Amino acid sequence: VATAPVLVVHGGAGAWQPELLGAAANGIHAALTAGWERLRDGTAVDAVEAAVAALEDDETFNAGRGSCLTSDGRVQMDALIMDGGTLAAGAVACVERLRNPVRAARQILEHSPHVLFAGADAERLAEQLGLTLCDNEALITDRQRRRLSDSQDTVGAVALDAAGGLAAATSTGGMAGKAPGRLGDSPLIGCGGYADNEAGAASTTGWGEAIMKLLLAKWAADRLRVGIAPDRAATLAIDYLQRRLNGSGGIILLDRDGGYAAASNAPAMPWGVKTARQELVQELQGELA
Ligand code: ASP
């Protein structure tokens with residue numbers, strides 16, 4: 001049965017500087033365009049990979065080049081991609097030297113019997129799987145070096161394709177000033193993202209130490225599984241994050257029927273959605289905060 005494709009992306013929930021929100025909206029539009037291109041003739045997995053790679057390429061966002069820095073001045077990134085049809089997943093944690101960690105995650109999903117690789121071995125594996133490594137310095141922008149941004153602006157995407165397949169992807173530079181070696185919720189299945197064709201797809205952003213304890217993406221997907229509407233499930237998830245751990249963050253959700261929602265209690269979260277009929281780019285402002 002053919003379904004109507006839907007693509008939803010977010011640019012991270014955090015303390016966005018007002019002057020960056022215009023660039024963020026442009027980046028969300030570009031990511032929707034790149035992902036939609038793949039959704040027309042490809043799968044939901046292709047679409048979320050393309051959308052997240054576009055956001056990684058845009059230094060406005062805290063993923064790929066433009067990632068925030070560790071306390072010792074390095075870029076260390078996490079990414080996850082998951083196929084809701086097979087529950088296949090690939091992820092990298094604490095990787096340097098990769099312009100597009102989500103593409104490394106996709107190669108792992110396709111070619112490895114394992115799911116999550118970390119550090120230098122993950123970088124070597126990505127190279128073996130066809131990705132080009134760069135100098136880690138090439139991922140550092142002046143804005144991050146000057147610490148003008150202390151926001152946590154992970155990127156993510158969820159998609160539903162014409163065959164009913166769901167997918168999710170999330171990519172991040174983590175939290176500014178984090179300890180070297182720290183990994184957050186983003187590369188962890190069920191925390192930074194989740195996709196199951198029998199439930200829904202989710203990508204989360206925000207304070208990773210809280211999100212991972214609540215398995216927030218899986219928690220929200222399980223509400224979709226039992227028929228709770230996406231906007232209700234998204235609001236419940238952010239309410240849970242705030243109530244249980246006083247956490248701040250955001251989530252995008254997509255259900256099996258193409259119903260979607262975004263929610264956040266952070267100062268701002270740029271996000272957008274594209275369907276055959278419309279494209280919407282918006283900025284959520286801390287509704288529960
Ligand atoms: N969740 C990410 C992390 O803790 C940060 C973010 O979403 O902004 O690494």
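Summary table below
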{"item": "Within the stretch 179-232, considering residues that are within 16 Å of the ligand (Cβ to nearest atom), assigned to a helix (DSSP H, G or I) and over 15 Å from residue 264 (Cα atoms), the one least open to solvent (accessible area, probe 1.4 Å)", "result": "214"}
{"item": "Test set (1) in contact with a Lys or Arg (Cβ under 7 Å, 6 or more places away or on another chain); (2) open to solvent by less than 30 Å² (accessible area, probe 1.4 Å) - residue 155 fails condition number", "result": "(1)"}
{"item": "Check on residue 253, within 16 Å of the ligand (Cβ to nearest atom), surrounded by 18 or more Cβ atoms within 10 Å (Cβ to Cβ) and not aromatic (Phe, Trp, Tyr)", "result": "yes"}
{"item": "Qualifying positions in the stretch 9-52 - assigned to a helix (DSSP H, G or I), buried (at least 22 other Cβ atoms within 10 Å of the Cβ), in contact (Cβ under 8 Å) with a residue 24 or more places away in the chain and hydrophobic (A, V, I, L, M, F, W, C)", "result": "24, 28, 31, 32, 39, 44, 45, 47, 48, 51, 52"}
{"item": "Matching residues, the stretch 158-178, being under 16 Å from the mean Cα position of the chain (by Cα), hydrophobic (A, V, I, L, M, F, W, C) and within 10 Å of the ligand (Cβ to nearest atom)", "result": "175"}
{"item": "Residue that is surrounded by the fewest Cβ atoms within 10 Å (Cβ to Cβ) [pool: residues in the stretch 73-122 that are in a loop (DSSP other than H, G, I, E, B) and within 16 Å of the ligand (Cβ to nearest atom)]", "result": "74"}
{"item": "Filter result for residue 162 (part of a loop (DSSP other than H, G, I, E, B), open to solvent by 40 Å² or more (accessible area, probe 1.4 Å) and on the phi < 0 side of the Ramachandran plot)", "result": "yes"}
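The values are calculated or read from the model by the stated rules, or taken from the named source; none is laboratory data. Just so it is clear, the model here is predicted, and its values are computed rather than measured. Backbone-built Cβ (ideal geometry, glycine too); neighbour counts: all protein chains shown. To get the accessible areas, we keep the full protein, side chains included, count just its heavy atoms, and leave off ligands, DNA and RNA. Shrake-Rupley method; radii C 1.70, N 1.55, O 1.52, S 1.80 Å.
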